[in-house]
Amino acid sequence: MTASLDQITDTVRTIVADVLSVPADELSTDTDLRDVEGADSIKVLRLIARIEREYDIELEDEDVFGVSTIADVADVVRKAL
Amino acid sequence: MTTLEHPTNQHYDLDPRVFGLFLDESRKYSSGWYLTPDDSLETAQRQKMSMVADLIHATSRSRVLDIGSGWGALVLHLAGVRGCDVTGISPAPRQRDFVEKRARQRGLSSRVRIVTSPFEEAADLPRGLDAVTALGSVVHMPDLPAVFAKARGLLRRDGRMYVSESCFRNQAIRARFDRVDGTDFVREAIFGNGELRPLSELVAAAEDTGFSVETTVDLTRHYHRTIEQWIENVQANAAALNRIQPGIAAQLEHYLDVSNAGWGYTTKHYALVLRNAR
């Protein structure tokens with residue numbers, strides 16, 4: 001069964017909350033990940049790695065380094081599935 | 001490797017006891033080689049040294065130079081297990097004392113010599129060597145063509161050079177990341193004046209020096225697992241580490257964590273075997 005965009009968004013939000021140590025309900029889908037308190041480029045890379053493992057995908061470099069919001073991440077994951 | 005004479009790298013200047021608390025017993029400070037992910041750090045490091053010895057065709061008649069010999073893991077392995085005659089070179093005097101003591105304890109003093117100097121400046125190195133090894137040390141040397149030319153000049157015809165290094169994953173990644181904060185942290189704090197290059201630049205320098213490229217090995221996943229196990233050791237020995245230097249355990253863990261986050265995305269770790277032959 002293919003995951004819906006909403007399901008992917010929820011999963012991505014959960015992983016982002018875990019990696020960046022913030023409550024999931026404080027994360028809106030259009031929050032810039034690099035602007036979250038305590039986030040840095042290493043943490044963003046680490047959460048991309050978690051998401052790739054979760055879905056068993058490898059994102060293109062442009063996506064890995066280009067995404068900025070949870071909605072962006074969910075979108076590139078959906079395209080990669 | 002930094003040194004008392006060349007205080008360029010704060011990481012290597014840490015109290016030597018710190019390294020004894022997160023590296024394996026051999027104090028090898030480079031990637032292991034894992035046959036299974038469950039291999040212990042000690043096993044992986046022994047397997048790696050055995051692999052390097054095989055790749056340079058080490059025998060009891062071999063004369064080898066190890067550039068950036070650190071705490072002597074590979075020097076002592078090649079001398080003790082393969083019976084090679086080995087010279088190690090490192091700029092750090094306290095590393096020499098450590099290796100020479102271990103060599104004496106193992107009855108290897110006649111086959112082990114440590115030179116304290118930056119490789120680029122060392123004048124009295126043995127020549128006609130069967131092999132030169134450089135595990136994660138050329139990253140500290142800005143003039144790579146000069147390093148390869150000097151190493152090749154020390155080798156006999158048909159001798160081999162094993163060089164392993166952390167690399168940018170490609171030129172585009174290098175152009176993108178060479179000047180961002182995370183890279184500066186890795187370069188300055190971890191590699192100390194390190195010059196991360198893409199593999200293509202290592203290969204080009206090797207070709208231009210006159211080497212043939214015999215083998216390329218991708219060690220990236222092995223290094224990731226190695227650093228995971230170092231982090232486990234830092235966590236297990238946090239109290240002892242913090243007694244040596246308060247707060248060092250968290251610093252080390254952060255620093256190893258940052259190194260591990262980039263593997264495959266921004267960085268790779270490759271080994272090359274170069275042959276002094278057409």
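Laboratory data are not the source of any read-out in this text; all were calculated from the coordinates shown. Not measured: the values here are computed from a predicted model. Quick reminder, even Gly has a Cβ in these numbers, built from the backbone with ideal geometry, and neighbours come from all protein chains shown.
Could you pull out every residue, at least 5 positions away or on a different chain, whose amide H is within less than 5 Å of the one on B:MET161? Hs are placed 1.01 Å off N in the peptide plane, and Pro or chain starts have none.
Distant-sequence amide H within range of B:MET161: B:VAL132, B:LEU274, B:ARG275, B:ASN276.
Which far-off residues, 5 or more places away or on another chain, put their amide H under 5 Å from the one on B:CYS167, with H placed in the peptide plane?
Under 5 Å from the amide H of B:CYS167 lie the amide H atoms of B:LYS268, B:HIS269, B:TYR270, each far enough along the sequence or on another chain.
Could you work out how far the C-alpha centroid of the range B:147-171 sits from that of the range A:22-75, in angstrom?
Using only Cα atoms to place each centre, the spacing works out to 38 Å.
With r defined as the distance between the Cβ atoms of B:SER40 and A:THR29 and R0 fixed at 56 Å, what FRET efficiency is calculated, to the nearest 0.05?
0.80
Can you tell me the 0 to 90 degree angle between the C-alpha axis of helix A:41-55 and the longest principal axis of chain A, rounded to 10?
Once rounded, one gets 30 degrees.
Would you mind working out the magnitude of the charge dipole of chain B relative to its Cα centre, with +1 at each Lys and Arg C-beta and -1 at each Asp and Glu C-beta, to the nearest 20 Debye?
Roughly 920 debye for chain B.
Assigning unit charges at the beta carbon (Lys, Arg +1; Asp, Glu -1) and nothing else, what dipole magnitude in debye, to the nearest 20, does chain A show about its Cα centre?
Dipole size: approximately 200 debye.
In whole Hz, what ³J(HN,Hα) sequence does the range B:57-73 give by Karplus (6.51, -1.76, 1.60; θ = phi - 60°), x for Gly and Pro?
6, 6, 9, 5, 9, 7, 10, 10, 10, 10, 8, x, 6, x, 8, x, 4
Once label points are set 7 Å from the Cα along Cα→Cβ at both B:ASP218 and B:ASP97, what is their separation, rounded to one decimal in nm?
Roughly 4.4 nm, to one decimal.
According to the square roots a ≥ b ≥ c of the eigenvalues of the Cα gyration tensor, what is the shape class of the range B:14-170, taking rounded for a/c under 1.5, prolate for a/b larger than b/c otherwise, and oblate for the remainder?
The shape class here is rounded.
Taking the Cα centre as origin and putting +1 on Lys and Arg beta-carbons and -1 on Asp and Glu beta-carbons, what dipole magnitude results for the protein assembly as shown, to the nearest 20 debye?
So the dipole magnitude of the protein assembly as shown works out to roughly 2500 debye.
Taking the Cβ of B:MET161 as the centre, find all other residues whose Cβ is under 9 Å away and add up their charges (Lys, Arg: +1; Asp, Glu: -1).
Local net charge: +3.
Compute the whole-percent fraction of alpha carbon pairs in the range A:5-80 spaced more than 22 Å apart.
For the range A:5-80, the share of Cα pairs beyond 22 Å comes to 9 percent.
With point charges of +1 on the Cβ of Lys and Arg and -1 on the Cβ of Asp and Glu, referenced to the Cα centre of chain B, which listed residue (B:HIS222, B:LEU202, B:ALA79) lies farthest in the positive direction of the dipole?
B:ALA79
Where the Cα atoms of the protein assembly as shown are projected onto their three principal axes, how long is each span, largest first, in whole Å?
68, 51, 37
Going toward the positive end of the dipole of the range A:41-81, with +1 on Lys and Arg Cβ and -1 on Asp and Glu Cβ, which of A:LEU59, A:ALA74, A:LEU47 do you reach last?
Farthest towards the positive end: A:LEU47.
Find out how many positive minus negative residues lie around A:ALA24, taking Lys and Arg as positive, Asp and Glu as negative, among other residues whose Cβ is under 12 Å from that of A:ALA24.
Summing Lys and Arg as +1 and Asp and Glu as -1 gives -3.
Tell me the net charge near A:GLU62. Cut-off is 12 Å between Cβ atoms, A:GLU62 excluded, with +1 for each Lys or Arg and -1 for each Asp or Glu.
For residues surrounding A:GLU62, the net value is -2.
Can you return the lysines within cross-link range of B:LYS268? Criterion is Cα-Cα under 22 Å, with same-chain partners fewer than 8 residues away left out.
A:LYS43, B:LYS28, B:LYS48
Quick check on chain B: helices-only [θ] at 222 nm, where DSSP H runs of length 4 and up contribute -39,500 (n - 2.57) each and the sum goes over total residues. Nearest 500, please.
Only helices count here, giving -12000 deg cm²/dmol.
Starting from the Cα gyration tensor of the range B:16-275, take the square roots of the eigenvalues, sort them a ≥ b ≥ c, and report rounded, prolate or oblate (rounded when a/c is under 1.5, otherwise prolate if a/b is larger than b/c, else oblate).
Here the range B:16-275 falls in the oblate category.
How many angstrom separate the Cα center of the range B:231-278 from the Cα center of the range B:62-101?
21 Å
Taking only DSSP H segments of four or more residues, each worth -39500 (n - 2.57), what value at 222 nm results for chain A once the sum is divided by all its residues, to the nearest 500 deg cm²/dmol?
-18500 deg cm²/dmol
Using the alpha-carbon atoms, what tilt in degrees (0 to 90, nearest 10) does helix A:70-80 show relative to the longest principal axis of chain A?
20 degrees
Answer with one residue from B:SER212, B:ILE67, B:VAL99: the one whose Cα lies farthest towards the positive end of the charge dipole of the range B:16-275, charges on Cβ with Lys, Arg +1 and Asp, Glu -1.
Most positive-ward Cα: B:VAL99.
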